[in-house]
Amino acid sequence: MASRYIRLSCYGSNVDPRDDDDEISAAVALSLVPRKRKWGGSVPGHRVYKRDRAGADKRLMADYFVPRPLYNEDHFRRRFRMKQDLFLEVVNRTAAANPYFQKKPDCVGVEGFTPIHKCTVAIKMLANGGPADCLDDHLKMGESTVLETVKKFVETVIEVFGDEWLRPPTDEEVQHILQVNAARGFPGMLGSIDCMHWEWANCPTSHHGMYKGHKGKPTVILEAAATEDLRIWHAFFGMPGSHNDINVLQRSPVFDDLANGRAPEVEFDVNGNTYSLGYYLADGIYPDWATLVKSFGAPVNNKHTTFSERQESCRKDVERAFGVLQARWKIIRYAARLWSQLDLNAIMKACIILHNMILADERNSNLPHIANEDWPGPRDPPVNNVAEMMDAYTYIKNKDTCFQLRDDLVEHIWQMKGTAGWDD
């Protein structure tokens with residue numbers, strides 16, 4: 001005879017149907033409640049890919065990092081965007097600063113990726129863009145690990161190299177920049193300034209109204225100031241794309257050091273007049289400030305035409321810097337597919353830092369080199385006198401000085417045009 005007892009299991013306890021009806025009903029109800037899967041561990045139905053990490057690392061080393069590699073220095077420079085010595089310096093300092101990039105076994109004892117392997121993945125993602133799983137076939141790293149590696153890499157680059165390679169120029173560097181620009185016809189010029197938009201493909205729909213501007217798509221804006229050697233000395237990134245250059249400038253810290261008395265002193269003579277503020281070349285949308293020099297929208301004579309041609313030629317420094325930056329790091333040329341703006345900020349800042357490092361390494365710039373131990377760090381003391389700062393900003397935004405400086409530069413360039421040896 002079949003037993004009339006039925007045993008129900010609920011969270012490891014047994015329920016006997018001979019108990020009270022209320023207890024049976026409660027046990028049945030509990031048995032029907034879906035249990036939450038324990039976090040971590042294997043997921044039923046998911047395939048585990050046994051990637052050959054050691055083999056991929058061995059092939060990577062044989063391709064580039066052995067005494068007689070498969071690919072030469074030109075291949076390495078084209079694919080890694082920098083020379084091998086600079087890349088290895090980045091790898092060593094990154095691994096020393098962040099344990100994530102050090103080789104260590106995982107939870108089951110399998111050896112993880114080497115520092116060179118992880119940094120290679122990060123550099124290739126920054127250099128080529130593309131989907132995160134495009135490196136899995138030859139570097140044997142899954143999509144989620146690639147994204148994590150890129151985020152860790154850019155954060156570490158900012159932490160390790162940011163103070164050294166994304167900072168305002170020192171007094172000695174300012175004097176060099178002034179000498180170079182004076183020979184081009186613009187004494188007192190510190191560089192050129194402009195903005196660039198980076199399309200944000202995965203911008204949350206709730207943010208479209210803020211980030212969609214005249215470009216027609218959600219974008220994030222980079223304001224940068226660059227010199228003739230394409231080094232970017234100032235970068236302000238993160239403003240929504242609905243802003244224009246004027247709105248970004250109003251929020252930018254580009255003139256904060258000058259207003260707070262922390263910027264190097266700049267004094268120069270033009271056409272018999274003395275000025276005590278350095279300036280940037282800008283396009284027509286920028287306001288008429290004493291620290292910005294624009295061309296004439298409609299030149300009325302030969303002097304104005306000559307000045308406008310020269311100003312627009314030299315102002316292209318920042319446009320060229322944007323072009324090289326996007327060509328070198330295609331991740332910021334293509335539409336961004338990440339969801340967090342903080343991640344976009346870190347990627348953009350790291351790309352600019354690496355851009356400046358590569359320029360200094362390859363172009364033999366005449367700018368004086370500052371060793372790490374000699375760099376005092378960013379100058380950012382507290383503002384002691386707000387009234388003085390407001391007076392400084394009033395002087396920076398002075399229109400009369402702006403127009404007087406431009407008129408003096410017009411005469412200065414007109415005189416230089418006839419000088420023998422001046423490069424048109």
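The values are calculated or read from the model by the stated rules, or taken from the named source; none is laboratory data. Since the model is a prediction, treat every value here as computed from it, not as a measurement. Cβ coordinates were reconstructed from backbone atoms using ideal geometry, including for glycine residues, and neighbour counts include every protein chain displayed.
What residue, of T227, T305, is polar (S, T, N, Q) and surrounded by fewer than 21 Cβ atoms within 10 Å (Cβ to Cβ)?
Every option except T305 fails the conditions.
State whether one or more residues within the range 243-257 are in contact (Cβ under 8 Å) with a residue 24 or more places away in the chain, assigned to a loop (DSSP other than H, G, I, E, B), of a type in the set (S, T, Y) and closer than 30 Å to E172 by Cβ.
Looking for residues that are in contact (Cβ under 8 Å) with a residue 24 or more places away in the chain, assigned to a loop (DSSP other than H, G, I, E, B), of a type in the set (S, T, Y) and closer than 30 Å to E172 by Cβ, one finds at least one in the range 243-257, hence yes.
Before we move on, is L222 surrounded by 18 or more Cβ atoms within 10 Å (Cβ to Cβ), assigned to a loop (DSSP other than H, G, I, E, B) and within 16 Å of the chain's Cα centre (by Cα)?
Considered against the rule, which asks whether it is surrounded by 18 or more Cβ atoms within 10 Å (Cβ to Cβ), assigned to a loop (DSSP other than H, G, I, E, B) and within 16 Å of the chain's Cα centre (by Cα), L222 comes out as no.
Being touching an Asp or Glu at 6+ places or on another chain (Cβ under 6 Å) and aliphatic (A, V, I, L, M) is the filter here; which residues of the range 233-255 pass it?
V248 - this is the single residue of the range 233-255 that is touching an Asp or Glu at 6+ places or on another chain (Cβ under 6 Å) and aliphatic (A, V, I, L, M).
It is to be established whether one or more residues within the range 93-116 are under 22 Å from the mean Cα position of the chain (by Cα), buried (at least 20 other Cβ atoms within 10 Å of the Cβ), free of Cβ contacts under 8 Å to residues at least 40 places away in the same chain and not assigned by TED's automatic domain parsing to the domain that holds E362.
no
Of all residues in the range 146-182, how many are without any contact (Cβ under 8 Å) to a residue 60 or more places away in the chain, more than 28 Å from F113 (Cα to Cα) and outside the structural domain of S192 (by TED's automatic domain parsing)?
The number of residues fulfilling the criteria is 0.
May I ask you to verify whether D133 is out of contact with any helix residue (DSSP H, G or I) (no Cβ under 8 Å at 6 or more places or on another chain) and not in a loop (DSSP other than H, G, I, E, B)? Full working, then the answer.
On the way: out of contact with any helix residue (DSSP H, G or I) (no Cβ under 8 Å at 6 or more places or on another chain): no; not in a loop (DSSP other than H, G, I, E, B): yes.
For D133, the condition - out of contact with any helix residue (DSSP H, G or I) (no Cβ under 8 Å at 6 or more places or on another chain) and not in a loop (DSSP other than H, G, I, E, B) - is not met.
What pairs come out if I take residues in the range 312-336 that are part of a helix (DSSP H, G or I) and pair them with residues that are surrounded by fewer than 23 Cβ atoms within 10 Å (Cβ to Cβ) and of a type in the set (F, W, Y) whose C-beta lies under 8 Å away, six or more apart or interchain?
Here the result reads I332/W198, each pair linking the range 312-336 to a residue that is surrounded by fewer than 23 Cβ atoms within 10 Å (Cβ to Cβ) and of a type in the set (F, W, Y).
What do you reckon, is K124 of a type outside the set (A, V, I, L, M, F, W, C), farther than 30 Å from W414 by Cα, surrounded by fewer than 22 Cβ atoms within 10 Å (Cβ to Cβ) and touching a Leu at 6+ places or on another chain (Cβ under 8 Å)?
yes
Taking the stated definitions as given, is F296 over 18 Å from the mean Cα position of the chain (by Cα), in a helix (DSSP H, G or I) and of a type in the set (F, W, Y)?
Spelling it out, it is not the case that F296 is over 18 Å from the mean Cα position of the chain (by Cα), in a helix (DSSP H, G or I) and of a type in the set (F, W, Y).
In the set M189, M196, M210, which member is crowded, with 20+ Cβ neighbours inside 10 Å and within 24 Å of the chain's Cα centre (by Cα)?
Unique residue meeting the criteria: M196.
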